[in-house]
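The values are calculated or read from the model by the stated rules, or taken from the named source; none is laboratory data. What you see is a predicted model; the values in this text were computed from it and never measured. Cβ placement follows ideal geometry from the backbone for every residue including glycine, while neighbour counts extend to all protein chains displayed.
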Amino acid sequence: MTTANPEQARGRQAARVKPGPLSWYAALREALDRPLTSYYLLLGASALLLTIGVIMVLSASSVYSYQQNDGDSYAVVKRQLMWVAIGLPCAWVSSRMTHRWVRRLAWPGYFLSLVLLLLTAFLGVAINGNQNWLRLGPVVIQPAEIAKFALILWAAHVYAHKERRLDNLHQVMMPVVPGLLAATGLVVFGHDLGTALVLFAILLGMLWVVGAPARFFVVCISVVSVTAIFLASTSPERLARITNFADPFKDFHDTGWQPAHGLYALSTGGWFGQGIGASQQKWGDLPEAHTDFIFAVLGEELGLVGTLLVIALFLTIAYAALRVARETKDPFVRYATFGVVVWLLGQMIINVGMVLALLPVIGIPLPLVSYGGSSLVPTLVALGLLIGFARREPEAARALAQRRRDRSVGLSAGRVTRRGL
């Protein structure tokens, strides 16, 4: 009588187990529990969003580029590719920087962002009623986009330094709340209400993650709501946008023109879209088709499936980043990661809500997708920082080191084999 091989017995037993919903769920849980899951999710989702963004900028800007650049339909996308070529090496550098070096740049970055915002408030260039652009020689930048990332790093550094004293409300407040409010005030001075709301969302997110009391949020939200309504009332155009956003067809030929044509674009997309390059609204009917309203063109050309894919990719980035924040023991990593998630996810929600006419049109780009180097480069650097945090987690670092050792052993064995032949 022969004894069965244990491996063969296990194989036959596994073959008798029929796959079902629970086995698929277990396999998914096992995949998500691997050490490098957060690293690969961040890298893959960011790369795919960036690719979709370049394709959509090419499509959405082709008509505008042809009209504004003497028949060159690729002028805008070529500039976007230039910013991608600048942003990717910067992202790689940020992913390799140690926490110590990143924290050394926190205070200089904060003061530099304040200086740029101050220059913008008094010497900036006004576009579409907002003085939020600054001309630096041949280049025009939007300092508020850079300030978002710099302020997150600064607040994370300050809170990490005071980690053991954050049970005191005074320590929570000072100096982060006055510092962020000063930057927000400079943005409001330039009449950029949309960016100011994003900065306020970042402030609330940082306060929530360090454990500020609930009554503080109630007071802050009440004060900011009243202030936002007052500031909106000082501009007739902005007030009309806010009062008409729920029904853009009420004032179709004026303030409702852009959101109404955004809804037209989404409604004609159907399930799978008209196809890349087949948008009709980009032919002059939809203003800012390649910047603030690129999500509408994406919905028209890629349909509901495409829009859900983009939203799912943002949620994937948020999920992977929050995994890193939950698992880390470094308070700076936790606060910086959470701040970046609030920034990117909050800006995505505002942009999508704006295109769907659920929120007023306040000029917020879609991260990684909309055209613009001032938004794209800081976003890539922030994502590079998160990827670096993920790959330096202890288990992830050991898994990567083991892979490098296995690869070097495999290459050595291959060289020995070739010599033998």
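Here is a check on your reading of the model: is Pro365 within 14 Å of the chain's Cα centre (by Cα), modelled with pLDDT under 95 and not assigned by TED's automatic domain parsing to the domain that holds Val158? It is true that Pro365 is within 14 Å of the chain's Cα centre (by Cα), modelled with pLDDT under 95 and not assigned by TED's automatic domain parsing to the domain that holds Val158. Are any residues in the stretch 261-307 of a type in the set (A, V, I, L, M, F, W, C) and surrounded by fewer than 21 Cβ atoms within 10 Å (Cβ to Cβ), and if so, which ones? Within the stretch 261-307, Leu263, Trp271, Phe272, Ile276, Ala278, Trp283, Leu304, Val305 qualify. Looking across the stretch 313-329 at every residue that is hydroxyl-bearing (Ser, Thr, Tyr) and part of a helix (DSSP H, G or I), the one that is nearest to Pro35 (Cα to Cα) is identified as Tyr319.
Just checking, how many residues over the stretch 52-96 are farther than 21 Å from Leu368 by Cβ and part of a loop (DSSP other than H, G, I, E, B)? So the count comes out to 5. Return the residues of the stretch 363-380 that are within 13 Å of Met348 (Cα to Cα) and not hydroxyl-bearing (Ser, Thr, Tyr); say none if nothing qualifies. Scanning the stretch 363-380 gives Gly363, Ile364, Pro365, Leu366, Pro367, Leu368, Val369.
Considering the conditions (1) farther than 20 Å from Pro89 by Cα; (2) in contact with a Pro (Cβ under 7 Å, 6 or more places away or on another chain), Val333 is excluded by exactly one of them, (2). If the condition is being closer than 21 Å to Val377 by Cβ, touching a residue at least 24 places away in the same chain (Cβ under 8 Å) and surrounded by fewer than 21 Cβ atoms within 10 Å (Cβ to Cβ), then the stretch 56-79 contributes only Arg79.
Residue-by-condition table, conditions (1) surrounded by fewer than 21 Cβ atoms within 10 Å (Cβ to Cβ); (2) at pLDDT 90 or above; (3) not assigned by TED's automatic domain parsing to the domain that holds Ile364:
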site	(1), (2), (3)
Trp107	yes, yes, yes
Leu114	yes, yes, yes
Gly129	yes, no, yes
Ile152	no, yes, yes
Asp167	yes, no, yes
Pro175	yes, yes, yes
Ala182	yes, yes, yes
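Do any residues in the stretch 299-323 that are under 21 Å from Pro259 (Cα atoms) and in the same structural domain as Thr268 (by TED's automatic domain parsing) have Cβ atoms under 6 Å from those of residues that are of a type in the set (Ser, Thr, Tyr) and assigned to a helix (DSSP H, G or I), where the two are at least six apart or on different chains, and which pairs are they? From the stretch 299-323, the pairs are Gly299/Thr307; Glu300/Thr268. Which pairs have Cβ atoms under 6 Å, sit 6 or more apart or on different chains, and link a residue in the stretch 208-227 that is not assigned by TED's automatic domain parsing to the domain that holds Asp167 to one that is of a type in the set (Lys, Arg) and in a helix (DSSP H, G or I)? Pairs that qualify, where the first residue is not assigned by TED's automatic domain parsing to the domain that holds Asp167 and the partner is of a type in the set (Lys, Arg) and in a helix (DSSP H, G or I): there are none. Filtered by the rule that a residue be without any contact (Cβ under 8 Å) to a residue 24 or more places away in the chain, assigned to a helix (DSSP H, G or I) and under 28 Å from Ile364 (Cα atoms), the stretch 151-195 gives Met173, Pro178, Leu181, Thr184, Gly185.
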